[in-house]
Each structure stands twice: as C-alpha cells, then as structure tokens.
1. From the set of residues in the range A:195-239 that are facing chain B (nearest Cβ under 7 Å) and in contact (Cβ under 8 Å) with a residue 24 or more places away in the chain, which is surrounded by the most Cβ atoms within 10 Å (Cβ to Cβ)?
2. Report the residue count in the range B:284-333 for those that are in contact with a strand residue (DSSP E or B) (Cβ under 9 Å, 6 or more places away or on another chain) and among the aliphatic types (A, V, I, L, M).
3. Can you find, within the range B:219-247, the residue that is farthest from the chain's Cα centre (by Cα) among those that are closer than 14 Å to B:Q295 by Cβ and surrounded by fewer than 24 Cβ atoms within 10 Å (Cβ to Cβ)?
4. Can you tell me how many residues within the range A:223-253 are more than 19 Å from the chain's Cα centre (by Cα), assigned to a helix (DSSP H, G or I) and small (G, A, S)?
5. When you scan the range B:257-283, how many residues do you find that are assigned to a helix (DSSP H, G or I) and either out of contact with any strand residue (DSSP E or B) (no Cβ under 9 Å at 6 or more places or on another chain) or more than 23 Å from B:E221 (Cβ to Cβ) (or both)?
6. Condition check: in a loop (DSSP other than H, G, I, E, B) and among the aliphatic types (A, V, I, L, M). Does B:A110 satisfy that?
7. Would you mind finding the one in B:V80, B:V92 that is within 16 Å of ligand 3 (Cβ to nearest atom) and either at the interface with chain A (Cβ under 7 Å from one of its Cβ atoms) or assigned to a loop (DSSP other than H, G, I, E, B) (or both)?
8. Condition first: closer than 22 Å to A:A61 by Cβ and aliphatic (A, V, I, L, M). Now tell me which residues in the range B:67-107 satisfy that.
Amino acid sequence: MLRQVEGSRAVAETVARCRPHVVAAYPISPQTHIVEALSELVGSGDLTACEYLTVESEFGALSACIGASAAGARAYTATASQGILFMAEALPNASGLGLPMVMTVANRALGAPINIWNDHSDALSQRDAGWLMLFASSNQEAVDLHVQAFALAERLSLPVMVCMDGFVLTHAVEEIDVPGQDEVDAFLPPFRARQWLDPDEPVTIGAMVGPEAFTEVKYLMAHRQLRALDDVSQVARDFAAAFGRDSGGLLRPYRTADADVVVVALGSVLGSLADVVDELRDEGLAVGALGVTCYRPWPLDEVRRALREVPRVVVLNRAFAVGSGSILGQDVRLSVPAATKVHDVVLGLGGRPLTHDVLRRLVLDVVAGQVGSDTLTFYDLDHQRVATELARELADVPSAGGAS
Amino acid sequence: MSTTPLKLYQVGTFAAGNRLLDPDERTVQSSTQRASSITSGHRACRGCGEALAARVVMDAAMRAAGGRLVTVNATGCLEVFSTPFPESAWQVPWLHSLFGNAAAVASGVAAAMRATGRDDVRVLAQAGDGGTVDIGLGCLSGMFERNDDVLFVCYDNQGYMNTGVQRSGATPAGASTANTRPMGAGIGNAFGTGKSLPRIAMAHEIPYVATATIADLHDLEAKVEAAMALHGARYLHVLVPCPLGWGSDPSDTVRVARLATQSGLFPVFEAEHGTVTRVARIRRRVPVEEYLRLQARFRHLFGEPGRPDVVAALQAQADRDIARFGLDPEEES
Ligand SMILES: Cc1ncc(C[n+]2csc(CCOP(=O)(O)OP(=O)(O)O)c2C)c(N)n1
Ligand code: SF4
Ligand SMILES: [Mg+2]
C-alpha cells in the first residue's frame, strides 16, 4: 500500500519485514534514521527474534554481522562514508568467507575535507571488496532492492550492499509502497546457511591458505561473482512477478534505442535524467539514459549490448580515482567499442546539486563538442575559484635558490 | 577478600600430582573423556605455552558447555599454527575472521544463537595479547560494556609472536624484542608496566575476570569452569611463555610461568563485578631475577655492565603488585 513515508523509515520497515536475526550498526549521517527506526522496531516488538547490537564502531558492526552470519543467522547493517572505510578490513573478509548479509550504504562523500552530503565516493572506494553492489534509483527501488538483496545474498552465499543516495533518498518523504509481512515471507524463504558453526558438525571457517591453493580460492570467488549476474536478473524477474513492479536487475535503460547520446549514471539522478531525456527528445535530440543498478558484479555483456550502437556516451561520475581518472567511466570504457566517444564527467561531488538545468546543459554541451572525450572533465567546477587558488600556490612556492 | 586455599594437587617444590587425587578431582586434561578440542599435529613450536593453554582452556570449556561450544579466534600464532589449509587441528566449530575483531565477531555469534533460539550454544573467543590489549581493545571493550554473553580468553605471551616477536602493549619493560632491541645504553622495551588488561576489564564491572598461568592447570581449568558457570561478558587472561620469543628453553615453559607468579610479576586472581574476590597467594616468593634469568630477552640486563637499575625497577613493580593484590606469603593467616 502506498503511503507518505521517509526513505529511511521505509527501508528500515522493509528490512524488518525481511526478519533479520541480528542487526548491528553504528550511527553516521545520513544513515542514522535507518538504524534509529530499526532500534525502535526491535524495541517495540514489531520485529521479534532479532538482536539489535549497539556496537562501538563500524568495524565492530560488520564483525558482529560476520559472526552472526557464520552462526547461521540473517544479519544486517548500514553505514555511510567514513563508516564504510572504518569497516574496510572486514569487507573482503565477509565476502572471502562467503557469508551472506545485507548492508545499506547511505551514500556520502569521503573526507578530508569532512562533508556529510551525497556522492558515491564511499561505496565506490570499496568496489573491489567482493560484495554485490546494487544502486537504487528511487526510494521505491531502495525498498525493493533490500528484499531482493537478502534473497540474492542467501542464494549466492555472498554479502550484498544496497546503495541509496544520502539525504536525496534517505531523508526524502514521498509515496512508497512498503511491502507487507505476508508478501515478503512469500518471496524470501527462511535463511538456511550453507555451513555454520554447528556443535554437532564442527567446521573450521577462516583457515590460513598458502600459495598452493590461494589462487584457486580467489578464482572460485570471482567465478561466483560473475555467475551472480544471472541471479540478479532472475531475482528481479521473480520480484516483478510477486510484487507487480519493476525494480532491480542489472541495468535501467531509458529511451536508449536509436540514441545518439546516452548518459550513464548510478543512483537517484536517474529520475531527473529521464525528465531531461524526455525534454530533449521533444526538442528533436536523440538522447537516452542508462542507469546501472548492479554495479558489482559489472554487467559487461549487458552494458556492451546497450551501448554498442551509441556513438557518444556521457558518464556521470559522482566519485573519482585521484591520480588516475574516473571510476564508473573506466568500467564503461571497457564495455564500448574503441570508436565510441566517452565523455567522462565528474560532477555532483559532496552534495553539489545535480539539477535538471545542470544535466540539460551538460548534454547540450556534449552535443556541441564542448566536453572532451579524452580527459576527465570536472563539469560543475568553479574554475575561477580554482584559478585563484592555483595562482596563490604558485606565488607561495619558494624559488629554487632558497632565500628570498 | 578470600584467598584460594592450598590444595593437595598443587605442584612445584611441593608437588603432589594428579594421580593422588580422587578421580573426580583430577583435571579434565587427564581424563580420557576430554574433548581433545585441539588435536596433535599442529605447527606450534616445541614447548609453546599458548598451544598448551588453548588445549586446556578449550577442553575445560567443552566440558562445562556439555559439548555445545563455538569458538572465535583472532589472527595470531594460535590461529596460524592450528589451521594450515587444508588441515585443521580443531575438533570444535571454529571461526577466524581478523586480527582485531574477535570480540565483536563473538558478540555476533552469541546474538545469532540467542535470536535463533540456540541459547544452549556457548561462545568462547580467544586471542593473543596483541589481539586483546592492542588492536582488539576497541571491540573487546564494546563487548564488555554491552555485557555480551561471551568468554574472552587472552593468551598473553607478551608480544607479537606470529609476526616475529615485536613488542605489544603487554610486553614488559626492559624486554628485548625484534623492534625494541637494547642498543648502547638503551634497555630494550621502553619502561612502562605493560597494559594490565585484567584491570581494564575489571573497570567495566563485568561478571567475571580472572588471571591464570599454564603452571597450574588445575587452577586454569577451575577458572574456565567458573567463567562458564556465569553468563554475560567474562574475561580470562592466561600467561603463556613463548620459548621462541622469550628465549627460554622449551622444557622450561611451565617453570618460567610458575616463576612469573612466584616473583609477583604476574598476579593470579579472580574478580567479580569489578571487585577482586580471590587471589592466589605466593607460596615461595622469589626475586624477579630468578624469573628474568631464564629468558634471553632479558639477558642484556645481566651482562657487563648490566642494568641493575632496570632489574630493580622490575622488582619494584612486582613488589607493588604483591602489595596491591595481597599476595605476600608472610601475610597468610
Ligand atoms: C590489521 C592487521 N595488522 C597486522 C597484522 C599482522 N599480525 C598478524 S598476527 C600479529 C601479532 C599477533 O600477536 P598476538 O595477538 O599477541 O598473538 P601471538 O601471535 O603472539 O600469539 C600481527 C601483528 C594483521 N594480521 N592484521
Ligand atoms: S612463536 Fe611462541 S607462541 Fe608462537 S608457536 Fe612458537 S612458541 Fe608458540
Ligand atoms: Mg602475543
């Protein structure tokens, strides 16, 4: 049933409907409303048979989830920004041990400088940690992806991250259909761990593996990740059949057929992007958008197919690899023919608004040849401010001779 | 405060072995029914105190838990020597995640057991001193503060042995380690007291804190049993000599542990809810020198010219702890 509710609250209620046994979380903006709501749902008895651990850090939160999952319980945590970095050591541990669990990332910038607002630097910094990474384009999709994430995690015995834009989604109040208990129960079977710390059948989990078998273990991990692409699609299809709406899956193409320009993006910007596409199509420009819902594993074949005939691709990067270039853009470049022009654009960092006007101007500038395709473009940069600062730095540099 | 009464089994100069006791007073370890939680064939060094302690602790805990026990192990010697893939020495469900998170992982396991209605399964976490007093302290303090139902056991060999004997926050003053070598007038490990995690644990007012050594297996087993009889956060700190890191003879492991307690450098006691409830009085007090001289890590203190000042400072530390915990044999009533 549709109702006016804050994104965080809707996600918390949905997580509760998934019946986690253990929730362990450490507060950080903009994730706080999710974990506050969950503590209330456990405290009020709405969510029963669940232990809510108020841990001392994000490292502790994820570690507790690792213990819980290895003990055969359904585990959940949520974080953002500095919090995911504080977890960093435990992230590949959870995936390496093949432990299913779900984590919400309320996407936020990484410091320094400290900044609580939305971009994708936090999640993308952990893109190689072996977790499945799903990006929500709306609050409805965020809700739906959590149900799918538990199903995927347990089917694959891998951890799944659901990314939703901090504030833009987490703190937005809108009409959302939060699934009911019966619906979720029918979709998500009780968790049966592949192996768990069972006193009746003792197992050793987390042994030391040397050069003689390490590569094989890692290969099998990579293999399972790639196979997960089929499961992501299948679970989305099952979800559509059960809930009557499209959510999740690998990609979210919007009017990409015959497009001359396709804008690729992650997350909630897809809504505004679709409006811009409609507007520009009305004005006679063949523009489309491609949302990437499943960022890890990277759906290489599907992206290839979606962009094969597209001469110009614009990639909206809301995070970048310092000293190297883009992140999402690099994945896209590997997925398009050499002749395709890829306009790699960084914008919307640290909460800088990605408005309809900015997006419209960007597409028009690309079409007008104003945006290069061989370098990373900081599209919403205040050039004047940067030039002033650079000039000052230059003036401050002591001359090679020393004394001045 | 009461003191642990002398028991017939106590060994050392006053040896009266296990075999003289009633069968049901004998150690778990001497029983053919013991769980053998860690089987032989692992890769610990000869005379490893940690291997010995872990075996005794686990078997006693297994007995107390009626076999319904899960263990979480931090990275360190114990983890590495017991699980060279594809082998495992563990006959109990065992999970190793990382170096610094054993307490939090164990909290997660305990929460999982509770939430899924398997409360009968008990949880024991174990780590070296590094995984306890240094990198694992944040998670451990959180586990204590929440009073999670976990028994955390620290095997204290006073250094990072697994990585080649570097100092830890529990390394005693003056000891030579791979990264605090005595040089010139330098003394080795900087002068301090080493973190006393038992006292830090007591400050959390958790139900049970105890120290023990591998020199008294009866006492060690009794403390595991006492800890297992309680619920909530419990902490057991076991001194385990490391022949490789301490430069002691592998056949002297038990002797060195005993001298640590008899010198007063390692007080053996029990505490409940932040208050010391029992101490093991020293029966034959020895100068710290007797303990230090058996270990190459302190050799530089006794050469020419030697560092009598450092030995004296260590003696003062022992005297202070003897007074603090009331361990003096003379005061015995
Ligand atoms: C985050 C992290 N830092 C460092 C290490 C390297 N490391 C592994 S074991 C260890 C020392 C273990 O010392 P301790 O906990 O006292 O156990 P011991 O080996 O002495 O029994 C270190 C430093 C690691 N595995 N992980
Ligand atoms: S280095 Fe020390 S603690 Fe490690 S196995 Fe050898 S004796 Fe045991
Ligand atoms: Mg150690």
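The values are calculated or read from the model by the stated rules, or taken from the named source; none is laboratory data. Everything numeric here is computed off the predicted structure, so don't read it as measured data. A quick note on method: Cβ atoms are made from the backbone with ideal geometry, for glycine too, and the neighbour counts reach across all protein chains shown.
1. That would be A:L197.
2. Here the count works out to 1.
3. Among those that are closer than 14 Å to B:Q295 by Cβ and surrounded by fewer than 24 Cβ atoms within 10 Å (Cβ to Cβ), it is B:G247.
4. Going through the range A:223-253 one residue at a time, the tally reaches 3.
5. Counting residues in the range B:257-283 that are assigned to a helix (DSSP H, G or I) and either out of contact with any strand residue (DSSP E or B) (no Cβ under 9 Å at 6 or more places or on another chain) or more than 23 Å from B:E221 (Cβ to Cβ) (or both) gives 2.
6. In short, no.
7. Among B:V80, B:V92, only B:V80 is within 16 Å of ligand 3 (Cβ to nearest atom) and either at the interface with chain A (Cβ under 7 Å from one of its Cβ atoms) or assigned to a loop (DSSP other than H, G, I, E, B) (or both).
8. Hits for the range B:67-107 are B:V70, B:V72, B:A74, B:L95, B:L98, B:A102, B:A103, B:A104, B:V105, B:A106.
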